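Presented below is the structure to which this report refers.
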Amino acid sequence: MTKTRLTAAERSEEVLQAAVVAFGANGYAGTKTDEIARLAGVSQPYVIRLFGTKQQLFLAAVHRVSDRIEDEFRRAAEREATLASLGESYNELIPERELLVVLLHGFAASADPAIGETVRARFGDIHKLAGQLTGATPEEVTQFMATGMLLTVMAAMQVTGPNPVSCHWATELLTSLS
């Protein structure tokens, strides 16, 4: 059986996908580049050669997740340019828990100047995009973002999404959001 050799871009994509999974599971401080390399099926020095440092790889993961959210919002706005449509597209990301949890880990690691600057900028970009795509008022976008953050935290706690842990308060919150 012949193995297909991946291009550097394809291998870089695999490493980045592995990084999102690893950082989502263990956070920035708790993730080692060895673990990312193992998940991607490459050596740890290769991970460093591709991304430079663990911090640069984490920032690439934050950018990947933010890009994905923005792409989903744009597709939703093409169907219907409302906050409700964007919210539905965000709900579709909840089963991919690691995506949303990477953002939470980014928020938590924001005391690091490079991480904080990037995370704040990307969160601001998502906020701005929601308003631009929908024409919603600043107050409506603020409420939309607050609801999104609540859903993100609930996904991180595994009380929403696939196989949620049953909690009365979570059911009550989710019902009130409907």
Inset, instruction - Translational diffusion coefficient, Stokes-Einstein: compute it for the chain using the Kirkwood radius over C-alpha pairs as Rh, at 37 °C and 0.692 mPa s, and state it as an integer in µm² s⁻¹. - result: 189 µm²/s
Legend entry - Average projection area in nm² (convex hull over Cα atoms of the stretch 64-150, one quarter of hull surface): 5.3 nm²
Legend entry - Residue of Ile69, Ile48, Ile115 that the Gaussian network model of the chain assigns the largest fluctuation, springs spanning Cα pairs under 10 Å: Ile48
Inset, instruction - Of the options Ala19, Val102, Leu173, report the single residue whose Cα projects farthest towards the positive end of the charge dipole of the chain (beta-carbon charges: Lys, Arg +1; Asp, Glu -1). - result: Ala19
Legend entry - Accessible surface of the chain [probe 1.4 Å, protein heavy atoms]: carbon and sulfur percent: 54 percent
Legend entry - Candidates Ala37, Ala18, Ala84: whichever shows maximal mean-square fluctuation once the chain is modelled as a Gaussian network with Cα springs under 10 Å: Ala84
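If I require 30 Å or longer along the helix axis, counting alpha carbons, and a Kyte-Doolittle average no lower than -1.0, what helices from the chain are left? Use full DSSP H segments. Each step should come with its number before you reach the end.
Values: long enough: 54-79 (38 Å, -0.83); 113-134 (32 Å, -0.08).
Helices meeting the criterion: 54-79, 113-134.
Can you show me the helix-derived [θ] at 222 nm for the chain, built from DSSP H runs with n ≥ 4 at -39,500 (n - 2.57) apiece and divided by the number of residues, rounded to the nearest 500. Walk me through the numbers on the way to the answer.
Working: 9 runs with 133 residues, N = 178.
The helix-only estimate for the chain comes to -24500 deg cm²/dmol at 222 nm.
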Inset, instruction - Pop a pseudo-label 7 angstrom from the Cα along the beta-carbon direction at both Gln132 and Arg68 and give the gap in nm to one decimal. - result: 2.2 nm
Inset, instruction - Figure the gain on full extension for Leu173 and Val153 (residue separation times 0.36 nm, minus the Cα-Cα span) and round it to one decimal in nm. - result: 6.0 nm
Legend entry - Two-site label geometry, Met145 and Arg75: point separation in nm, points 7 Å out along Cα→Cβ: 2.4 nm
Legend entry - FRET efficiency estimate (nearest 0.05) - Cβ-Cβ, Leu6 to Ala108, R0 35 angstrom: 0.60
Inset, instruction - Check each of the GluC sites (Glu not before Pro) in the stretch 65-113 and keep only those in coil by DSSP with at most 15 other C-beta atoms within 10 angstrom; list them in order. - result: Glu80, Glu92
Inset, instruction - DSSP loop (so not H, G, I, E, B), at most 16 other Cβ within 10 Å: list which trypsin sites (Lys or Arg not before Pro) in the stretch 26-74 pass both filters. - result: Lys32
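The values are calculated or read from the model by the stated rules, or taken from the named source; none is laboratory data. Predicted model, so just to flag it, every value in this text is computed and none were measured. Using ideal geometry, Cβ is built from the backbone for each residue, glycine included, and neighbour counts are taken over all protein chains shown. Side chains are part of the model used for accessible areas, which takes the heavy atoms of the whole protein and leaves out ligands, DNA and RNA. Shrake-Rupley method; radii C 1.70, N 1.55, O 1.52, S 1.80 Å.
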